[in-house]
Amino acid sequence: MCRVLGCYYSFMQGLTPDELTTITTYNKHAEAWVTFHDDEDFYKEEYVKLVSLLKGGTMLEIGCGAGRDAVKLTNLGYTYTGTDVAEKLIEAAQNRLPDGKFVLTDIYSMDFDIKFDGIWCAAVMLHIPRSRLAEALSAMNAQLRNGGIGFISTKQGDSDKLEPLSYDTSNKRLQVHYSKEEFDTALKEAGFKVVDYSFRPLSERAKWMCYFIQKI
């Protein structure tokens, strides 16, 4: 697992072309990403639910982005570790939370010395190829202690393609959307049970499915 910015990212050799394209796009647009995705109350209800399910402990964020949720999770009292595959987003998150612990790695290559009490994984499965969903969820399961709580948000639909950014159509990122039945099945097969679910259809392209899950 790569922990030092600027090192040779051996984990990237195992990623698909669509995943690499997505990383390139996020590295190029990290600054804009901070501007367009800085609603600190976006998961306001989910933070409340998280605390009701997991009062303190260690928290792993998969896909920390620019650090918006890192600040919230730290302020909620969790012992926080954040990960992302995009170096520029890690840098933005570190600038936002100077004392935070951030690790540059992909979801498949995570190999921490501890099992976490909780995992926060917001809008990450959108960028996982459908063919690798089981692998990603299995990797997530491996980092969580038995009985641990996880949060996942992803979009409902049937999309499975590279899509251009709204503010720069020359750059694309992988967007994979799921039916609830498909995602429920994948969670069960990965060793999770759903303890809470909510549906937030904000627009035709942003029908969010929000899951709280438990490792069984």
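The values are calculated or read from the model by the stated rules, or taken from the named source; none is laboratory data. All figures in this text were calculated on a predicted structure; none of them were measured in a lab. Note: ideal-geometry Cβ built from the backbone for every residue, glycine included; neighbour counts use all protein chains shown. Note: areas computed on protein heavy atoms with side chains; ligands, DNA, RNA excluded. Shrake-Rupley method; radii C 1.70, N 1.55, O 1.52, S 1.80 Å.
Numbers below:
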quantity	calculated
Antiparallel DSSP beta bridges within the range 79-216, as percent of all bridges there, nearest 5	70 percent
List SER166, SER138, ordered by accessible area with a 1.4 Å probe, largest first	SER166, SER138
The chain: calculated mean residue ellipticity at 222 nm from DSSP helix runs of at least 4, using -39500 (n - 2.57)	-9000 deg cm²/dmol
Cα-Cα separations in the range 61-105 greater than 11 Å, expressed as whole percent	55 percent
1.4 Å probe accessible area per residue over the range 22-72, in Å²	47 Å²
D (Stokes-Einstein, µm²/s), Kirkwood Cα radius, the chain, 1.567 mPa s at 4 °C	75 µm²/s
Net lengthening on full extension, GLU31/SER138 (0.36 nm per residue, minus Cα-Cα)	35.4 nm
Label zone at THR16 (point 7 Å along Cα-to-Cβ), backbone N below 14 Å, the range 126-153	126-137
Charge sum, other residues only, whose C-beta stays under 14 Å from ARG200's C-beta, Lys/Arg counted +1 and Asp/Glu -1	0
With every protein chain in place, the chain: carbon and sulfur % of accessible area (1.4 Å)	50 percent
Per residue value of the accessible surface for the range 161-216 (all protein chains in place, 1.4 Å probe), Å²	53 Å²
Within the chain, longest stretch free of exposed trypsin sites (Lys or Arg not before Pro) [DSSP loop, at most 13 other beta carbons within 10 Å]	56-204
Translational D in µm²/s for the range 29-105 (Stokes-Einstein at 25 °C, 0.890 mPa s, Kirkwood Rh from C-alpha pairs)	195 µm²/s
Exposed GluC sites (Glu not before Pro) absent: longest stretch of the chain, with sites in DSSP loops and at most 15 other Cβ within 10 Å deemed exposed	41-203
Residue-count net charge about TYR108 - beta-carbon cut-off 9 Å; Lys, Arg +1, Asp, Glu -1	-1
Qualifying chymotrypsin sites (Phe, Trp or Tyr not before Pro) for the range 119-192 [loop in DSSP, other Cβ within 10 Å: at most 11]	TYR167
When each of LYS49/LYS172; LYS28/LYS155; LYS101/LYS155; LYS72/LYS188; LYS55/LYS161 is checked by Cα-Cα distance, pairs over 31 Å	LYS49/LYS172; LYS55/LYS161
